[in-house]
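Asker: Mind having a look at this structure? Questions to follow.
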Amino acid sequence: MEEANWNVLNWKSTEEVSDHVTRHVEHLWETVKVSLVVPLLKLSVYVCMGMAVMLFVERVYMGVVIVLVKLFWKKPEERYNYKPLQDDVESGSSNYPTVLVQIPMYNEKEVYKMSIGAACGLSWPSERLVIQVLDDSTDPVVKEMVERECERWASKGVNIVYQIRENRTGYKAGALKEGLKRSYVKHCEYVAIFDADFRPHPNFLRRAIPFLLGNPQIALVQGRWRFVNADECLLTRMQEMSLDYHFTVEQEVGSATHAFFGFNGTAGIWRIAAIDEAGGWKDRTTVEDMDLAVRASLRGWKFLYLGDLQAKSELPSTLRAFRFQQHRWSSGPANLFRKMVMEIARNKKVNFWKKVYVIYSFFFVRKIVAHIVTFVFYCVVLPLTILVPEVHVPAWGAVYIPSIITTLNSVGTPRSIHLLFYWILFENVMSLHRTKATFIGLLEAGSANEWVVTEKLGNAAKNKTSFIKAIRKTRFKLGQRLNLLELGFAAFLFFCGCYDFKYGKNNYFVYLFLQTITFSIVGFGYIGTIV
């Protein structure tokens, strides 16, 4: 009996201690929450709301301008001095300038024949065209194949040069810079650049060169990308939606209003004198194309974008390739912004409003704020407000502004409007990867200058059967496919969704569960296989 009483007393004592600890922890949490968590979360909401408004204003501005451009702006042929080149039997090709075509390559086994063939098929007098194949391949078999292809076209009378380097210093920028050093380039006035998976239309030069001939202030004519494999899988459809907005709106607005936009690195024609005046190609970031464009713009050069000047290209078909590409495209601009912001601000050759456009709109809002607010607000702050109900997010910030921004972003690809909701979820997931890359670029951390060439499928992308076979060949083991950071956020969002379903009042759990599924799909590396 005494032993039983002792056990009861001991149990009561343990229960009292447990209750005491629980009350102490709850009190401590309430204290920390009131004094630290709530103020920090409220501050985060205000900051995110501010960034969302910045992005909203930017998108509305772009939307208004593009409508005005389409309705009232004159066509480029009317805004600029434009005279199409005409063949003359008496003068021959003397009225055609000599053009250099550069095709940088790196182990491009799948696409080298298509790109070389497209360049050799350009409608331009052969004696006025020089084609450089800048091959940085490390695979001797691929190098031999590319060299043979160049020799085959040379035997047909095409002025094509196969060029290699001893090392890959500077990557693509280094190859382009080295190519311009050749003695025969001094006879060339313009250089057209096409990546290895790009196939320009035969009249590409005939359409673009007259703008450069008749307007000495223009340094660059940029063409539009068209994607041969946009319908191959869900991943490529998502990419098409993002890139179509970039070309349909961002490039068009930059060209029409400020005569400045970022060179896309390919499918463009440069005035060689402008490249030289701007300081040539530099490899200080992974966006050598944007670097050159900014430096040329600061020296007063103008750029022209032609939406009907098109070149076929290929989108990354695997999640792994897409992630490497997005890391480069997010880290590079942020790193360039870090290095050039003061140079842009101090420049005296361009007007104040153009500097504001380049620093604020082009770099800060589009290359930094857009990534950060998408991830921090919709994947971190909004879910946390469920766990801390004392912090309120206004409906205009949580629902209305995002809806308008998304609608405006969708104008580039109306055929994919039915995929809009999933595209939002996917972009939110990728914003984690892009935000991480953006901070790496801003802080110039270890992988800020990491360069991984985007893998291509080439002919495999022409039909769905061969595409699926090619995808299967590129599959990795589960350990290589896993993206642990995405899986971690999937677990976090799932927990917040469950909490909101049980205790919440805003019904965010529907969005959170759908976002959890998307994070999980990307986390397990399966998005590129959904066709």
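Asker: State the number of residues belonging to the stretch 305-328 that are among the aliphatic types (A, V, I, L, M), under 27 Å from residue 75 (Cβ atoms) and under 20 Å from the mean Cα position of the chain (by Cα).
Answerer: Residues of the stretch 305-328 among the aliphatic types (A, V, I, L, M): 306, 309, 311, 315, 319, 321.
Those left that are additionally under 27 Å from residue 75 (Cβ atoms): 306, 309, 311.
From the residues that got through so far, the ones that are under 20 Å from the mean Cα position of the chain (by Cα) too are 306, 311.
Going through the stretch 305-328 one residue at a time, the tally reaches 2.
Asker: Restricting to the stretch 137-169, name every residue that is open to solvent by 30 Å² or more (accessible area, probe 1.4 Å) and acidic (Asp, Glu).
Answerer: Across the stretch 137-169, the qualifying residues are 139, 144, 147, 151, 166.
Asker: Being assigned to a helix (DSSP H, G or I), free of Cβ contacts under 8 Å to residues at least 12 places away in the same chain and open to solvent by 10 Å² or more (accessible area, probe 1.4 Å) is true for just one of 172, 186. Which residue is that?
Answerer: Details: 172 fails: free of Cβ contacts under 8 Å to residues at least 12 places away in the same chain.
Checking each option against the conditions leaves just 186.
Asker: Return the residue satisfying two criteria in turn: it lies in the stretch 300-328 and is of a type in the set (Gly, Ala, Ser) and assigned to a strand (DSSP E or B), and of such residues it is surrounded by the most Cβ atoms within 10 Å (Cβ to Cβ).
Answerer: Step one: filter the stretch 300-328 for residues of a type in the set (Gly, Ala, Ser), giving 300, 307, 311, 313, 317, 321.
Now narrow it down to the ones that are assigned to a strand (DSSP E or B): 307, 311, 313.
Numbers: 307: 14, 311: 21, 313: 25.
Out of the qualifying residues, it is 313.
Asker: Among the listed residues 438, 385, 374, identify the single one that is part of a helix (DSSP H, G or I), touching an Asp or Glu at 6+ places or on another chain (Cβ under 7 Å) and surrounded by 21 or more Cβ atoms within 10 Å (Cβ to Cβ).
Answerer: Answer to the check: 374.
Asker: Can you tell me which residue among 330, 431, 403 is touching a His at 6+ places or on another chain (Cβ under 7 Å) and under 29 Å from residue 500 (Cα atoms)?
Answerer: Values: 330 fails: under 29 Å from residue 500 (Cα atoms); 403 fails: touching a His at 6+ places or on another chain (Cβ under 7 Å).
Checking each option against the conditions leaves just 431.
Asker: Taking the options 509, 467, name whichever one is at pLDDT below 90 and surrounded by 19 or more Cβ atoms within 10 Å (Cβ to Cβ).
Answerer: Working: 509 fails: at pLDDT below 90.
Only one candidate qualifies: 467.
Asker: Related question: Check residue 96 against each of (1) open to solvent by 20 Å² or more (accessible area, probe 1.4 Å); (2) among the aromatic types (Phe, Trp, Tyr); (3) not in a helix (DSSP H, G or I) and name the one condition it does not meet.
Answerer: That leaves (1) as the condition not met.
Quick grid of which residues meet (1) assigned to a helix (DSSP H, G or I); (2) farther than 27 Å from residue 526 by Cβ; (3) open to solvent by 10 Å² or more (accessible area, probe 1.4 Å); (4) without any contact (Cβ under 8 Å) to a residue 12 or more places away in the chain:
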{"site": "330", "(1), (2), (3), (4)": "yes, no, no, no"}
{"site": "338", "(1), (2), (3), (4)": "yes, yes, yes, no"}
{"site": "367", "(1), (2), (3), (4)": "yes, yes, yes, no"}
{"site": "403", "(1), (2), (3), (4)": "yes, yes, yes, yes"}
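Asker: Only residues that are in a helix (DSSP H, G or I), under 13 Å from residue 192 (Cβ atoms) and open to solvent by 10 Å² or more (accessible area, probe 1.4 Å): list them for the stretch 99-119, please.
Answerer: Step one: filter the stretch 99-119 for residues in a helix (DSSP H, G or I), giving 112-119.
Filter again for under 13 Å from residue 192 (Cβ atoms), leaving 115, 118-119.
Matches in the stretch 99-119: 118 only.
The values are calculated or read from the model by the stated rules, or taken from the named source; none is laboratory data. Here the structure is a predicted model, which means the values were calculated and not measured. Heads up, the Cβs are rebuilt from the backbone with ideal geometry, glycines too, and the neighbour counts pull from every protein chain shown. Remember, those area values only see protein heavy atoms, side chains included, never the ligands or the DNA or RNA. Shrake-Rupley method; radii C 1.70, N 1.55, O 1.52, S 1.80 Å.
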